[in-house]
Amino acid sequence: MKLIHISKTFFPGSSKEVKALTDINLTFEKGEFTTLSGESGSGKTTLLNIIGGLERPTEGKIFFDGLELTALSDEQMADFRLHHMGFIFQAYNLISVLTVRENIGFIMKLLDYREDEINNRINELASVLQIENILDNLPGQISGGQQQRVAVARAVASKPKLILADEPTANLDSKNSQRLMEMLRALNEKEQVTVIFASHDKYVLAESKRTIVLDDGAVIEDR
Ligand SMILES: Nc1ncnc2c1ncn2[C@@H]1O[C@H](COP(=O)(O)OP(=O)(O)O)[C@@H](O)[C@H]1O
Ligand SMILES: [Mg+2]
C-alpha cells in the first residue's frame, strides 16, 4: 500500500482550522507489521481513519495493490473495506446481543461464506486466541481481555489483506497486552496479513517490525 502526499486539515480556512496531517508519504509492504507511535494529538487516529477510508484526506492519494482507494465513491470504499480490511478499536465494538461465535462469524456471513467454512474458521481462531470455552457467551459475560481477543478474531476471520488497530491494548493490563500482541504477531506470520497499529504501548512496540513516529501530523521517524 502506498500513501502519497497525504494531508488532512479539519475545518479548513476557518478559525477552528486544524492541520492534523501534513504531507505523509509511506509505503507498507504485504505482511508488514507496523506501529504508528507519537503523542496524543499527533495524528495517529486520523491517519488510520484515512487509510481505512473512514475519512477522506484533504490532499493526496492512497493506492492498494494498484487500486486508487482515494478515487472510490463512499459506497465502493465501504465494499472494499468489507472485503479486504479488518478493524480493531480500543472500545471493542462487539455486538452485545450476539454470542462470541456470532460476533466472530459476522463479517464472513455478510460475505456469504458457507456455514461450515465459517464454523471451521471460528474454531481455528478460537484455538489460537484461547477463547474456545466462551464461544457461546455474550460479550457482557466475558472479561475485557477476552473481549479484545474476540475483537481480534472478528477482524481477521475473513482473512482481510489489511488489519487496522487503534490503541487495541489501551484497556488491557500488561499481561493481556503482551499475550494479545504475541497472538496477533503469530496470525500475521501465518497469514501474511498487513497490520498497522496506532499505539504507544511498549508491548505493541516490542512486537512490531517497524515503528513510524508522528509528531504534529508529520513523520519524524521511520525505523
Ligand atoms: N474530527 C475532528 N475534527 C477536528 N479536529 C480533529 C478531528 N479529529 C482529530 N482532530 C485533531 O487532529 C489532531 C490529530 O488528532 P488524532 O488523529 O486523534 O491524534 P492521535 O490519535 O495521535 O491522538 C488533533 O489536533 C485533533 O484535535
Ligand atoms: Mg488516537
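The values are calculated or read from the model by the stated rules, or taken from the named source; none is laboratory data. The structure displayed is predicted, hence computed values, not measured ones. Glycine also receives a Cβ, built like all others from the backbone with ideal geometry; neighbour counts cover every protein chain displayed. Protein only, heavy atoms only, side chains kept; ligands, DNA and RNA dropped before computing areas. Shrake-Rupley method; radii C 1.70, N 1.55, O 1.52, S 1.80 Å.
Meeting the requirement of 3 or more residues that are out of contact with any Ser or Thr (no Cβ under 6 Å at 6 or more places or on another chain) and open to solvent by less than 10 Å² (accessible area, probe 1.4 Å), the helices (runs of 4 or more DSSP H) wholly within the range 140-223 are 144-156, 174-191. Among the conditions (1) acidic (Asp, Glu); (2) modelled with pLDDT of 95 or more; (3) more than 19 Å from ILE6 (Cβ to Cβ), the only one that GLU59 does not satisfy is (3).
Each residue in the range 198-214 was checked for being within 14 Å of ligand 2 (Cβ to nearest atom) and of a type outside the set (A, V, I, L, M), and 3 pass.
Please work out which residue is nearest to ligand 1 (Cβ to nearest atom), limiting yourself to the range 22-56 and to residues that are within 26 Å of ASP79 (Cα to Cα) and over 18 Å from the mean Cα position of the chain (by Cα). Write out each step before concluding.
Step one: filter the range 22-56 for residues within 26 Å of ASP79 (Cα to Cα), giving 24-36, 43-56.
Right, trim to over 18 Å from the mean Cα position of the chain (by Cα) and you get 24-25.
On the way: ILE24: 12, ASN25: 18 Å.
Result: ILE24.
Given the condition within 19 Å of GLY217 (Cβ to Cβ), in contact with a Ser or Thr (Cβ under 9 Å, 6 or more places away or on another chain), at pLDDT 95 or above and hydrophobic (A, V, I, L, M, F, W, C), answer yes or no: does some residue in the range 62-70 qualify? Steps first, please.
Applying the first criterion (within 19 Å of GLY217 (Cβ to Cβ)) to the range 62-70 yields 62, 70.
Those still in the list that are in contact with a Ser or Thr (Cβ under 9 Å, 6 or more places away or on another chain) too: 62.
In the following step, the residues that additionally are at pLDDT 95 or above were identified as 62.
Subset that is hydrophobic (A, V, I, L, M, F, W, C): 62.
Checked against the condition, which is being within 19 Å of GLY217 (Cβ to Cβ), in contact with a Ser or Thr (Cβ under 9 Å, 6 or more places away or on another chain), at pLDDT 95 or above and hydrophobic (A, V, I, L, M, F, W, C), the range 62-70 yields at least one hit.
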